[in-house]
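Encoded as structure tokens, the structure appears first; notes follow it.
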Amino acid sequence: FTLAPGMIAPLTPPCYDTAGTPLSKVHLLKMEAFFLKLSKDSSPLPSSVSTESAAVCPEQDPDLKPWNPGHNEDNRVEITNGKKFLLSSSATVHSIHITSGGKLVIKDNVEPIVLRTRHILIENEGEMHIGSEICPYQSNVTIILYGRADDGTQPDTYFGQKFIGVSRGGTFEIHGEKKLSWTFLNKTLHPGGMEKGGYYFERSWGHRGIIVHVIDPKTGEVVHSDRFDTYKVKGESARLVQYLSEVANGMILSVAVNDEGSRNLDDSARKAMTKLGSKHFLHLGFRYVPVVPILPAQRLYYREKYSEKLADKIWQNELNFLSPPFWFSVRPKLTVTIDTNVNSIILTLVDDVRSWKPGDRLVVASTDYSMYQAEEFQVLPCRACKPNQVKVAATYLHTGEVVDGVDMRAEVGLLSRNIVVLGETEKQCYEYSNKLCSFFDFDTFGGHIKVSFFSLIRLELIHMGQQTMGHYPIHFHMAGDVDEKGGYRPPSYVKDVSVHHAFSRCITVHGSNGLLVKDVVGYDTLGHCFFTEDGPEERNTFDHCLGLLIKPSTLLPSDRDSKMCKMITEGAYPGYIPKPRQDCSAVSTFWIANPHNNLINCAAAGSEETGFWFVLHHVPTGPSAGMYSPGYSEHVPMGKFYNNRAHSNNRAGMMIDNGVKTTPASAKDKRPILTMISGRYSPHKDADPLKPREPAIIKHFIAYKNQDHGAWLRGGDVWLDNCQFADNGIGLTLASGGTFPHDDGSKQEIKNSLFVGESENLGTETMDNEIWGPGGLDHRGRTLPIGQDFPIRGIQFYDGPISVENCTFRKFAALEGRHTSALAFRLNNAWQSCPNNNITSRVFFGEPGPWFNKLNMDGDKTSVFHDVDGSVSQYPGSYLIKEDNWLIKHPDCIDVPDWRGSICSGHYAQIYIQAYKPANSQMKIIKNDSPDRPLSLEGALSKSTHYQQYQPVITLRKGYTVHWDKAAPEELTIWLINFNKNDWIQVGFCYPKKTTFSILSDIHNRLLKQTYKTGTFYRTLQMDKLEYRYPTKGYYYWDEDTGLLFLKLKAQNEKDKFAFCSVKGCERIRIKAVIPKNAGISDCTAMAYPKYIETPIVDVPMPKKLPNTGLCIVMPLDFFDSPSISFYFSFLQADGKKIFLTEDGIQVVVIEGQNGKIVNQKSFKNAILQGIPAQIDQYVTNIKDK
């Protein structure tokens, strides 16, 4: 190999190694030799990878010729046939076409360069370079892409308008100045900048007199406050004078009168206030209201407000008065607020930010529910700043610390770069697609970059993207494998790029695999920000990327908000009626169409809907159609998901659920293609559901201040470890599949994680955060996720099986009128509830109200989970159930009224009863030992289906009867769910007299969709013969007098731990009945009982309560040779009697007031009283007043 002349010439600008150290000539020579050797020994690189450009500073190419075309919008520039140009001054041209070995390099000038063009097209061995990896560009260059969509310019058939396009064989490389991309606050940024932030104080009736606050002017902190009742107490004037004299010089005094303070205000106090600067205290009269802020030592700031109003009137309703005079109610009200508004503050950050210079633009993410509290700052000069500090001007509070164990530090991103690509826009919106000006009041026709291979490092993109398909700020389009699998060494990448104030996405990965997207900041854009498009995109890595302020867009149904969804119906079949919340409303910061991608160290810090959304394409869409077999993306193992965070999102921090419609609209399904639909994720090895499961691991995920959900995860094996959730409406919902887990045998689990109901991050009361009210343990005012009465929940169970292990729950505090629980069930739920939901903390089963309607759906009635270690109920091994579900309740269960639940013991399973002909009946099921407490079920499916499915949880080894509110179904299929081998129940189904039956058993393999018959049932005249069951033969008993058909349902096969069905498949009993015409309603309750009533028997005794009662005292070792432990019980003594409380809780004793006699007594255990003490309230309310 021969080095080209000038290859080791003096380097201008300087070149650097990866650590930022300038390279000498010798270093560069060694690097060139190494690169050439690597190229020789390795497989050939694609033509788009330039060995020369990677090895030297682009400006050092001796064949470059100076090029300064001037300014001419008609100049169509062609750089071709090996021509190589060096642009060294600003220019305006119509377009630039680089092809056939042509090359354009931007000179690293001292003066900024601005290049205006309609487009740049690079293809067929053409190259364009602004700096290189070892020679980053140090000056400032801006490429402006100009033009209107309707200006008559003929668009390129592939790239469109206002673009930088790189076709196959082209090379486009940008390497800007090295700067830190983004970091975290390491100290809370308070509103206005002062360390202590704002202050709010309000008093009304009961706080009459003069109220004084002493304020530190350096921090804004209230150092001390006091009230002096100079209306009622004579000595208060002297105390006020003494107090004022002791305030240190330099402090700010806030002195205000609430209601009335003049009656006993003597001359000494009036003169003391006048000496401090007050004009009105000397003549203070009845209910005059002066407010005096004073700086005693040096009066740099002084303002006194004076009012002679009696009070402000508080209007409760709008009133109309016909004539004066009139009276109205008034109340006194004093408010003291401290707004620490100063011009600047020093941000303390986690990392060294000396690369951020004065004039650079930053964005600080919201740490509240509203994403609109993200703020842009300009870095100000600061000689006193440390390496991890910059100086800015600020408005909102941004948390910069770990709060209650949850890392809530705000992200701080760099927007400014020295290389800028800018889309030139008009001052206002104009129509060019999709009724745009109905949704936006600004021009959305920006520039875009579309490539198959390039390397972009340290670049700023502004006003990029268009509201048309395929035109995004950075678009990797159908590039295939761009990593080593495709022969690219190193892989193609985008690093240290900022995309902000954009009009369509941030980074789009389309039909491309193996791309590295690292240290990218996406801010204030329309539509999904980090976007994978068609479904086959795999092995891409998003590492340390930040997205915030992500707004709806018109492009895809999933991008659209409700208004757009209703107005944009292109592609739909005639008669389509949009359902915005189902069909659209999914715009996300990270939209991942294939789970086999990596997300590491990323932050989704504010989206109109969701932070991270894993969505499924059953088949690839668009130009990627046919790239994988149906169902591949639904089973492919998840890539690495580690150390990510999501906050300030409306719907959820993270979603794994749903798919997109992959077929065009039709009469059968009128929705347009790519509308949101249902989808289920079940990861398996090699994406093959017949091979072993490979759980999706979500590790070190943080979700806080998301309005609806911290995370909603539906699928097969989805496991979370070491995660943090705080201040979400609902922290985490784990769901499987409705009637069945989509992947039988899988489970969802969370372990070693922290849940905080309401943290010390109180938020900021602003117009953006519309919901403000009391909350937390101290009932302080705070921003709230949804509504003041919305029941905040930590973990919400939906379907199952679910495992919760070694999790901590903090600060779930119920308020009057608002339930709060660490653990809860999905309410308004029609689906099944698995008795294998294991919990190893409060729980709430719901009640009718504004958020839950009537709670009359089947899933609401059958809620259950297993408290394995007693961490919830204090009874290890117990089950928590709905309080009125007597199918699984027994007399020894402990009711917990405030939970709307009961603590029980037992062996539980489920039966699924599928009913045909009719399919719209209500089913009533009765346990024979509780005939007066039936459970009625509506069915889990819609009334329009051809069959209905009922899914009760039942106690094993018990007898039941089933009845209907209409004619009995002609066909029933009974599934044995969560039955272990030899588990059984006996069921009597109600039918009219003279009905005849055909009954068989089978096994259905849901995965293979195969069914085979296992046996036939024959009629017996003896009930006890139901006990006899052979592999291919069973018996049924038809009691025609009562109308009950009895079967013993017994599992014949083994079952895996978390499977719903046996290892061979789902065991079923199928009944076909020939029912006499006009038979009427099939409700046999009156005939069945008392004939088949049974005595309640508790098969599984209630477990013992955890031994935490009593007061444990350990005596000092100084007094005894070994520790001595003694237990003492608290007691009440009255009328000569001691009443001991032997269990932890509350003892109430009612005593006759006249003679001291004990009238009544009752104890309330802690296990009963978790939450709002409803039982005590009811007990005390009912005490008779003699």
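All of the numbers you see were taken from the coordinates with simple rules; none came from a lab. Computed from a predicted structure; not experimentally measured. Glycine also receives a Cβ, built like all others from the backbone with ideal geometry; neighbour counts cover every protein chain displayed.
Counting only the backbone N, which residues of the stretch 435-456 are under 12 Å from the spot 7 Å out from the Cα of E570 toward its beta-carbon?
Residues 435-436 fall inside that zone.
Could you calculate the FRET efficiency of K232 with F440 from 1/(1 + (r/R0)^6), where r is the beta carbon distance between them and R0 is 56 Å, rounded to 0.05? Please list the in-between numbers first.
Working: r = 62 Å, r/R0 = 1.10.
Computed FRET efficiency for K232 and F440: 0.35.
Quick one: check the C-alpha center-to-center distance for the stretch 949-973 versus the stretch 757-788, whole angstrom.
47 Å
Using Cα centres only, tell me the gap between the stretch 544-623 and the stretch 374-394 in whole Å.
Here the two parts' Cα centres lie 35 Å apart.
Could you tell me which of F1060, P1090, P1107 has its Cα farthest along the dipole of the stretch 1051-1109 towards the positive end, charges placed at Cβ (Lys, Arg +1; Asp, Glu -1), taken about the Cα centre?
Going by the charge dipole, the pick is F1060.
Using +1 on the beta carbon of Lys and Arg, -1 on that of Asp and Glu, and nothing else charged, what's the dipole of the stretch 910-1088 about the Cα centre, debye to 20?
Using only the charged Cβ atoms, the result is roughly 500 debye.
Mind checking the full-extension length gain between Q378 and K751? Use 0.36 nm per residue of separation minus the Cα-Cα distance, one decimal, nm. Walk me through the intermediate numbers first.
Values: separation 373, 0.36 × 373 = 134.28 nm, distance 4.22 nm.
Stretched out fully, the Q378 to K751 stretch lengthens by 130.1 nm.
Could you tell me how far the Cα centroid of the stretch 481-530 sits from the Cα centroid of the stretch 1042-1112, in Å?
Value for the Cα centre distance between the two parts: 56 Å.
So how do F476, F1017 line up by other beta-carbon neighbours within 10 Å, fewest first? Intermediate values should be presented prior to the final figure.
Values: F476 28, F1017 21.
Going from least to most buried by this count: F1017, F476.
Among the listed pairs K435/K495; K103/K179; K668/K1009; K178/K563; K427/K670; K1050/K1105, give every one whose C-alpha distance is greater than 31 Å. Spell out each step's value before the answer.
Details: K435/K495 35 Å; K103/K179 27 Å; K668/K1009 24 Å; K178/K563 42 Å; K427/K670 38 Å; K1050/K1105 33 Å.
Those over the limit are K435/K495; K178/K563; K427/K670; K1050/K1105.
Among T348, T662, T996, what is the fewest-to-most ranking by other Cβ atoms within 10 Å?
T996, T348, T662
Set the Förster distance to 41 Å, then compute FRET efficiency between Y642 and K1057 from the Cβ-Cβ distance, nearest 0.05.
My answer for the efficiency is 0.90.
Using a Förster distance of 25 Å, how high is the FRET efficiency between K993 and T1032, based on the Cβ-Cβ distance and rounded to 0.05?
On the way: r = 30 Å, r/R0 = 1.20.
Efficiency, rounded to the nearest 0.05: 0.25.
Spin-label point model (7 Å from Cα, Cβ direction): what's the L1000 to A1079 distance in nm?
Between L1000 and A1079, the simple spin-label model gives 2.1 nm.
Enumerate the residues in the stretch 962-998 having an amide nitrogen under 17 Å from the point lying 7 Å beyond the Cα of D1099 toward its Cβ.
Within reach of a label on D1099: 976-988.
What is the order of H501, H448, H129, H398, fewest Cβ neighbours within 10 Å to most? Present the calculation step by step, with values, prior to reporting the outcome.
Details: H501 20, H448 32, H129 23, H398 27.
Final ranking by Cβ density, sparse to dense: H501, H129, H398, H448.
Run the simple label-point estimate for K1162 and H207 please: 7 Å along Cα→C-beta, distance reported in nm.
It is 3.8 nm.
Taking a threshold of 27 Å on the Cα-Cα distance, which of the pairs K518/K751; K981/K1013; K747/K882; K699/K882; K924/K1048; K889/K994 fall above it? Before the final figure, lay out the partial values.
Numbers: K518/K751 29 Å; K981/K1013 18 Å; K747/K882 23 Å; K699/K882 33 Å; K924/K1048 19 Å; K889/K994 35 Å.
Over 27 Å Cα-Cα: K518/K751; K699/K882; K889/K994.
In terms of the Cα gyration tensor, with a ≥ b ≥ c the square roots of its eigenvalues, is the stretch 510-641 rounded because a/c is under 1.5, prolate because a/b exceeds b/c, or oblate? Don't skip to the answer; put the middle values down first.
Numbers: a/c = 2.26, a/b = 1.21, b/c = 1.86.
Taking the square roots of the gyration eigenvalues as a ≥ b ≥ c, the stretch 510-641 is oblate.
Describe numerically, in nm with one decimal, the distance between label points set 7 Å from Cα along Cα→Cβ at T395 and at S433.
For T395 paired with S433, the spin-label model returns 3.1 nm.
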